[in-house]
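**Student:** Here it is: the structure, laid out below.
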Amino acid sequence: MGSPMALNLIKVGCDVIVWNRTKSKCDPLISLGAKYSSSPEEVAANCDVTFAMLADPESAIDVTCGKNGAVSGMGPGKGYVDVSTVDVATSKLINEHIKARGALFLEAPVSGSKKLAEDGQLIFLTAGDRSLYELVSPLLDILGKSRFYLGKVGNGAAMKLVVNMIMGSMMASFSEGILLSKKVGLDPSVLVEVVSQGAISAPMYSLKGPSMVKSQYPTAFPLKHQQKKLMLTQDLRLALGLAESVSQSTPIAAAANELYKVAKSYGLSDEDFSAVIEALKAKSQDTA
Ligand SMILES: NC(=O)C1=CN([C@@H]2O[C@H](COP(=O)(O)OP(=O)(O)OC[C@H]3O[C@@H](n4cnc5c(N)ncnc54)[C@H](OP(=O)(O)O)[C@@H]3O)[C@@H](O)[C@H]2O)C=CC1
Ligand SMILES: O=CC(=O)O
């Protein structure tokens, strides 16, 4: 997600300095004009505004607050925008560390997949320092199609987790429908078409349904990332934690989460999250 976002900034002529743990992934950006710094600290020291796009809460904290982390390069007049998906507590922790250096902080997780990042069509769910939000709005408008300012730090993270919780449950339910339609002798491709025309139509169903019917799961939002955690399961887990923290019952999301865990155990971590349907196929065979 970070690469296409940086690329879009380079394309419009922004001065971009990049860092990534695996440096080779910066090379295409460097060849297109980005400069490279050897640590998050150096990036932050050399930039007015630093964007972070990291896998999960652990890496977001490490890259910000760890050794040679971005915090060490921050200071008054600078801003830190974390666009990673993290939980509320992580975002608040990062905010505290950035603020302690006299800098501004904005959390800005994104809704949208790799293709939407490439196309500059992300949706930003921001919260934190309003003045930083206003300062970076022109950049967010290059990277995305809409932006929401949601108030105090934590609200952006919470909104992102709620959205992905709904998405995870929707995909699990859609998978059940595809398999049930097939089992009762219907053509699941027709089901996808019917759904696309009605009140429950969703771009996600129209986009992923045709390949799910063919048991293909071209990866857009991976079931997992390199660290062997399920990306969506991570988001569902964080969303369930959020619900728990306010005693909100979320039985549908909890059931969906179990399915994603089964999908992982079937070795589907590298596939798109729509591969959760395979977990249901396997379950049906188990009980046949
Ligand atoms: N993919 C998607 O469709 C969407 C993803 N998101 C969110 O965006 C974020 C990034 O996702 P995505 O780009 O797909 O994930 P990737 O796995 O492709 O990228 C993760 C990034 O985090 C870095 N990273 C991971 N662990 C560490 C660590 N311990 N220290 C330093 N760097 C680390 C990786 O570095 P390295 O290259 O060295 O491994 C890489 O740059 C996640 O929070 C995800 O939930 C949000 C919306 C959509
Ligand atoms: O986080 C994933 C997305 O599609 O949004």
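The values are calculated or read from the model by the stated rules, or taken from the named source; none is laboratory data. Computed from a prediction, not measured in an experiment: that's the story for all the values here. FYI the Cβ positions are ideal-geometry reconstructions off the backbone, even for glycines, and counts take in every protein chain you see. Ligands, DNA and RNA are excluded from the accessible area calculation, which covers all protein heavy atoms including side chains. Shrake-Rupley method; radii C 1.70, N 1.55, O 1.52, S 1.80 Å.
**Student:** Could you identify the single residue in 209, 168, 154 that is within 14 Å of ligand 1 (Cβ to nearest atom), in contact (Cβ under 8 Å) with a residue 24 or more places away in the chain, open to solvent by less than 20 Å² (accessible area, probe 1.4 Å) and not polar (S, T, N, Q)?
**Tutor:** Sole residue among the options that is within 14 Å of ligand 1 (Cβ to nearest atom), in contact (Cβ under 8 Å) with a residue 24 or more places away in the chain, open to solvent by less than 20 Å² (accessible area, probe 1.4 Å) and not polar (S, T, N, Q): 168.
**Student:** Select from region 4-13 the residues that are away from ligand 2 (no atom under 16 Å from the Cβ) and either closer than 16 Å to residue 122 by Cβ or within 21 Å of the chain's Cα centre (by Cα) (or both) and list them in ascending order.
**Tutor:** Scanning region 4-13 gives 6, 7, 8, 9, 11, 12.
**Student:** Okay, moving on. Can you tell me which residues in region 124-165 are part of a helix (DSSP H, G or I) and charged (D, E, K, R)?
**Tutor:** 130, 134, 141, 160
**Student:** Mind checking which helices (runs of 4 or more DSSP H) fall wholly inside region 33-118 and carry at least 3 residues that are surrounded by fewer than 24 Cβ atoms within 10 Å (Cβ to Cβ) and either in the same structural domain as residue 240 (by TED's automatic domain parsing) or away from ligand 1 (no atom under 16 Å from the Cβ) (or both)?
**Tutor:** Answer list for region 33-118: 88-100.
Listed here are the residues, each with its yes/no results for (1) touching a Leu at 6+ places or on another chain (Cβ under 8 Å); (2) aromatic (Phe, Trp, Tyr); (3) closer than 22 Å to residue 161 by Cα; (4) within 16 Å of ligand 2 (Cβ to nearest atom).
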site	(1), (2), (3), (4)
67	no, no, no, no
92	no, no, yes, no
98	yes, no, no, no
101	no, no, no, no
129	yes, no, yes, no
132	yes, no, no, no
